[in-house]
Each structure stands twice: as structure tokens, then as C-alpha cells.
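Beneath this line is the structure, given in C-alpha cells, with notes to follow.
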Amino acid sequence: MSSKAVDERELVARLRAGDEDAFIRLVEDFGPSMLRVAGVYARDSQVAAEIVQETWMAVLRGLGGFESRSSLRTWVFTILGNCASRRTKMEARSTPLSSLEVSGGEQDELECFFGANHPRWASCWTTINNRWDALPEDSLSAREAERAIVEKLKLLPPSQSAVITLRDLEGLSSDEVCSLLGLSHGNQRVLLHRARLAIRRALQEVLDQ
Amino acid sequence: MFTCRQIYDLVTEYDEGSLETGERRQFEQHVVICPPCRGFLSQMRDTRDRLGQYSPPEFPAELEDSIVNAFRTWKKEQQ
Amino acid sequence: MIAYKFLSSGAIGLFSRHAWPTPTSDAPGEWVRVDGEVKECLNGVHACAKSQLVEWLDDELWEIELDGAVLEADGAVIAPAGRLVRRLEGWNDECARAFVGHCVDGTVALAAESLAREGRATDAEALLASRSQPGAELKVFELARNLEEDQSGPVRFAADMARLEHGGRPELDADAPTAEAGGPTPAALAANLGFVCAHITAQLAEQESAGAYAESFARERVSQSSWLAEKLQLEPLGDAS
């Protein structure tokens with residue numbers, strides 16, 4: 001067994017035994033991510049907080065049945081997903097049709113390509129697409145970039161926002177996210193694709209100066 | 001050989017590893033010979049990497065307190 | 001087995017973004033190994049043979065030693081392990097620009113030939129002459145517009161290539177932004193124009209004789225690889241490569 005798995009078994013045992021310090025450390029470890037994910041389901045921060053609270057209660061109640069088939073993190077986030085969708089009526093088992101349609105943003109980018117009938121450069125980029133320079137951390141540009149991203153994330157359709165938050169911000173795997181959100185791999189990829197394109201576009205406006 | 005538009009459409013599938021070998025080969029062959037697509041691929045990856053660097057905002061103290069209180073209640077109920 | 005590997009600036013893989021360990025003055029770079037089955041495009045150290053160089057052009061050219069069972073695929077060679085042996089310094093910005101110039105010259109020559117075949121000898125001469133005049137990229141571009149050339153023909157393509165060679169974009173007007181606004185590295189441009197040049201050559205061949213595209217394209221690529229091998233003083237491409 002990996003040392004990580006051993007640590008987890010120990011942690012679960014301590015939690016079951018009512019070890020408050022172990023619980024607090026876990027809350028501090030997972031909590032910020034959980035709040036960020038809950039925020040994708042519920043834009044109201046109070047509701048998001050309540051979702052996180054309910055999740056922890058469900059975690060405690062479910063501790064007896066946790067069998068380490070998945071990692072602790074996956075298990076906790078699964079519970080979070082269930083609480084969140086119950087709370088916000090955003091169905092975990094189906095993706096809203098509108099989010100799979102072509103959004104306005106994607107149509108705009110078509111202007112960056114020559115038409116399919118161009119005599120020499122059919123369907124080629126019209127723009128250069130420069131490599132972005134690395135931004136020194138804490139620089140003005142880095143902060144501007146972060147602001148642009150945070151803003152854009154709020155404006156994405158909820159299912160796109162959910163996928164990109166879980167995959168790219170939280171680092172969950174493709175399998176975990178499909179399971180959490182009740183998506184096929186194909187649907188998940190489409191949502192991730194559109195979300196990343198939108199964020200890239202937002203970054204371009206900041207970084208291409 | 002793919003067009004730039006196809007690279008734009010397929011980039012996430014490429015990075016997710018869901019293209020078949022033949023499509024993957026065509027994708028790479030196009031990107032090598034197309035400067036704007038090189039730039040685009042690089043930008044998409046930078047976007048993903050950048051997102052991975054953002055820590056979530058701080059956890060509110062009141063929320064942590066109320067969760068800990070709930071834990072204590074739960075613990076009492078266990079005994 | 002010794003093969004060749006192109007990497008982006010800083011010895012970084014273009015697709016993998018992997019930073020390759022580079023050789024020191026005493027020793028080759030450390031071995032890079034993959035686990036599991038070698039699979040084209042999916043798993044393994046990818047390199048190319050001498051005849052495939054032009055298909056993978058990038059900023060840095062390295063000699064790489066491959067270890068283990070080598071898979072020969074269409075356009076690449078793949079092995080479970082490899083290490084960089086030495087940098088081929090002959091492939092640099094200057095060489096890349098020379099390659100670009102060679103490709104553009106070739107395309108302009110084809111365009112001129114095409115004009116001559118139509119009986120437009122004066123136009124053909126003017127096109128060739130413009131190539132060596134100052135501001136050639138604009139001269140060729142303006143000439144192409146004035147010739148009312150078929151939009152998909154070699155003259156317009158040659159004009160596009162001359163623009164690209166000098167950091168412009170195809171289809172843009174004369175006062176569009178130039179290289180200062182950013183753009184590809186000389187190597188990336190070489191990769192681009194090498195391909196376009198082969199494409200135009202093959203397209204013309206196709207017009208002469210249906211079905212000729214693929215062979216003409218491949219032949220032009222081999223010719224480009226030979227040019228490069230000679231410039232870099234690698235052994236000439238023979239049947240053995």
C-alpha cells in the first residue's frame with residue numbers, strides 16, 4: 001500500500017474515534033477547495049457556505065461506511081456534489097441543453113480564421129497567436145491576468161464553470177469529474193474545451209499588450 | 001492534413017489523449033508547420049497551467065467554527 | 001542508433017514541453033526513458049531520420065542516441081529511451097533564414113515559369129527581378145496584385161510567401177504590422193514555408209497531371225531534406241537513409 005493510502009487509513013480511523021484535531025486539519029485542508037467548488041453551484045456565498053457545512057455533516061455520518069475504494073478527497077467531493085445539486089436543483093445527472101449549444105463567445109472566434117472558401121488559406125488562422133511571456137509573480141500583469149480569469153469564470157455557463165473548476169483549478173481527474181457531474185467523457189471534453197477557450201480569450205486581451 | 005480550424009476544435013481532445021494515433025499524428029504534423037497553431041497550442045496550455053496555480057480564497061473563520069461545533073455535537077451523539 | 005531530434009528553445013519538447021537533459025562537455029545528456037509499450041505519438045522518445053528533418057523543424061537540432069527496440073513509423077522513429085549526444089550548431093537562425101530564402105526563391109521561380117508558359121515573358125522576368133530588389137516582399141506582393149493572377153495560383157502564393165518571409169501575414173495590405181509585432185522564430189517559419197513550398201509545387205504538378213500531388217510533394221520534401229543535409233554537412237541522403 002502506498003504511504004498516502006496508509007496515512008488516509010490512519011486519518012479515517014482517527015476521525016471515527018472522534019479526534020477533533022485530525023478533523024480540523026482535514027477541514028482546513030479540503031475546506032477552501034470545497035467552498036470554491038460549492039461556489040460553482042451556488043453563486044450566493046451564504047448558500048455555498050451552507051452546502052459545505054451540510055457536506056461535512058454528511059461526511060461524519062457516512063464515515064462508518066467509507067471503505068477506501070476511492071480516495072478520501074474523491075469521496076468528500078462526491079458528497080459535496082450531491083449536497084450541492086440537491087440544494088441548487090442543478091441536476092447532477094443531466095447537463096442543461098443550453099450549455100452544449102454554441103455560445104456567443106465561440107462564434108466570435110470564427111472571425112480569426114479565413115473562410116473555408118479562401119483560395120489559398122482556407123480555414124487558416126488570420127492572427128499570429130504569439131507565445132505568452134512568463135509573468136513575474138505578483139507583477140501588475142499577473143494580477144490583471146488573475147482578475148480577468150476570475151471575472152470570466154463567473155460569466156461562464158454553470159456546467160462549463162463546474163468542469164473547468166474541478167479539472168483545472170482543483171486538479172481532479174477526468175474520471176472523477178465525469179462521476180461527480182454525471183457526464184460522459186465526451187460531454188466533459190466539450191465543456192472543458194469551451195471553458196478553456198473562453199479563459200484563453202480573456203487572457204489574450206490582457207497578455208497581448 | 002488538418003486545417004487550423006480543426007486544430008482549434010480538436011486541441012482539448014488532443015491534450016486529453018482521446019484522439020486516435022492517426023489523428024494525433026495529423027494534429028502534430030500540422031502544428032509543426034503552422035506558427036499560429038504552435039502559438040495557439042502553447043496559449044491553451046499556459047491557460048490550463050495558470051488556472052492550476054490559483055489557490056482558493058481563504059476559508060472564513062466563522063464557517064470553520066460552525067463546522068467544528070457541529071463535529072462536537074456529532075461526537076457527543078456517538079457516545 | 002543515432003537519430004535526430006528537434007527541440008524548441010531551451011531544449012524543450014514542442015508537444016511534451018519536457019525539458020531535455022543536455023550534454024556537458026564530457027558526457028551526453030542523461031537518458032530519458034518511458035515505461036510501458038512504445039506507441040507512436042502516445043508513448044516513447046520520438047526522433048527522426050535524416051530524410052525526415054524538414055518535417056519536424058524547430059529552434060534546436062540535436063543528435064540523439066536511441067536505446068531499445070526502435071519503432072519506425074511514417075515520419076518518425078520511436079524508442080523506449082534516448083539521450084541527447086550533441087547539438088548541431090549549424091542549424092541556427094541564419095541557416096533557417098537561408099532555408100526560407102531557398103524555399104521562397106523556388107516558389108517565385110515556379111510562379112515565373114508559370115507566367116512564361118502563358119506567354120507572359122515580361123511579367124515573368126519582372127517577378128524574378130523583384131525578388132532581388134530592396135523591399136522585395138512588397139514588390140512581389142504589389143506585382144502579384146497587378147498581374148490579376150488567379151487567386152489560387154502560384155504568383156499569389158509566391159507573394160504570400162514573400163510577405164511571410166519578412167514577418168507579414170498573407171492577404172494583408174502593404175502597411176500591415178511587420179516582425180516587430182511578434183511572430184514565429186526563424187525555425188518555425190522555416191517549418192511553415194518548407195511545407196507551403198512543397199504544397200505549391202505539388203499543386204502545380206496536380207494541375208499538369210491528376211493524381212500527381214502526393215508524389216510531387218514527397219519529392220520536393222526529399223529535395224529540401226537534401227539541401228539541409230548538405231548545408232549541415234550531414235552525409236548526403238542516399239538509399240540507405
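The values are calculated or read from the model by the stated rules, or taken from the named source; none is laboratory data. Here the structure is a predicted model, which is why all the values come from computation and not from measurement. All Cβ positions, even for glycine, are placed from backbone atoms using ideal geometry, and neighbour counts span all protein chains on display.
Listed here are the residues, each with its yes/no results for (1) of a type in the set (D, E, K, R); (2) modelled with pLDDT under 95; (3) farther than 30 Å from residue A:57 by Cβ; (4) touching a helix residue (DSSP H, G or I) at 6+ places or on another chain (Cβ under 8 Å).
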site: B:17; (1), (2), (3), (4): no, yes, yes, no
site: B:27; (1), (2), (3), (4): no, no, yes, yes
site: B:38; (1), (2), (3), (4): yes, no, yes, yes
site: B:45; (1), (2), (3), (4): yes, no, yes, yes
site: B:48; (1), (2), (3), (4): yes, no, yes, yes
site: B:55; (1), (2), (3), (4): no, yes, no, yes
site: B:58; (1), (2), (3), (4): yes, yes, no, yes
Taking residue B:23 and the conditions (1) in contact (Cβ under 8 Å) with a residue 12 or more places away in the chain; (2) at the interface with chain A (Cβ under 10 Å from one of its Cβ atoms), which numbered condition does it fall short on, given that it satisfies the others? (2)
Going through region C:76-91 one residue at a time, which ones are over 14 Å from residue C:3 (Cβ atoms), assigned to a loop (DSSP other than H, G, I, E, B) and over 13 Å from the mean Cα position of the chain (by Cα)? C:89, C:90
Residue B:51 passes all but one of the listed conditions (1) out of contact with any Lys or Arg (no Cβ under 9 Å at 6 or more places or on another chain); (2) within 10 Å of chain A (Cβ to nearest Cβ); (3) of a type in the set (A, V, I, L, M); the exception is number (1)
Residues of region C:129-141 being closer than 17 Å to residue C:160 by Cβ, outside any loop (DSSP other than H, G, I, E, B) and without any contact (Cβ under 8 Å) to a residue 24 or more places away in the chain, which ones? C:130, C:139
Taking the options A:48, A:17, name whichever one is surrounded by 21 or more Cβ atoms within 10 Å (Cβ to Cβ), within 14 Å of chain B (Cβ to nearest Cβ) and among the aliphatic types (A, V, I, L, M). A:48
Could you tell me which residue of region A:27-45 is nearest to the chain's Cα centre (by Cα), considering only residues that are of a type in the set (A, V, I, L, M, F, W, C) and at the interface with chain B (Cβ under 10 Å from one of its Cβ atoms)? A:37
Among residues belonging to region A:172-205 that are farther than 20 Å from residue B:13 by Cβ and within 11 Å of chain B (Cβ to nearest Cβ), point out the one that is surrounded by the fewest Cβ atoms within 10 Å (Cβ to Cβ). A:204
Do we find a residue being hydroxyl-bearing (Ser, Thr, Tyr), in a helix (DSSP H, G or I) and outside the structural domain of residue A:84 (by TED's automatic domain parsing) anywhere in region A:179-188? yes
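Here are A:37, A:76: which of them is of a type outside the set (Gly, Ala, Ser) and within 24 Å of residue B:78 (Cβ to Cβ)?
Only one candidate qualifies: A:76.
Right, residue B:42: within 21 Å of the chain's Cα centre (by Cα) and of a type in the set (Ser, Thr, Tyr) or not?
yes
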Determine which single condition residue B:42 fails, assuming it passes every other condition in (1) more than 9 Å from chain A (Cβ to nearest Cβ); (2) of a type in the set (Gly, Ala, Ser); (3) buried (at least 18 other Cβ atoms within 10 Å of the Cβ). (1)
Which residues, counting only those in region A:111-156, are farther than 30 Å from residue C:159 by Cβ, of a type in the set (S, T, N, Q) and either touching an Asp or Glu at 6+ places or on another chain (Cβ under 6 Å) or assigned to a loop (DSSP other than H, G, I, E, B) (or both)? A:139
Of all the strands (runs of 3 or more DSSP E) wholly in region C:21-75, which have at least 3 residues that are acidic (Asp, Glu) and outside the structural domain of residue C:193 (by TED's automatic domain parsing)? C:60-67
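Yes/no matrix, rows are residues, columns are (1) modelled with pLDDT of 85 or more; (2) more than 26 Å from residue C:8 (Cα to Cα); (3) more than 9 Å from chain B (Cβ to nearest Cβ):
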| position | (1), (2), (3) |
| --- | --- |
| A:92 | no, yes, yes |
| A:96 | no, yes, yes |
| A:102 | no, yes, yes |
| A:109 | no, yes, no |
| A:115 | yes, yes, yes |
| A:120 | yes, yes, yes |
| A:125 | yes, no, no |
| A:129 | yes, no, no |
| A:133 | no, no, yes |
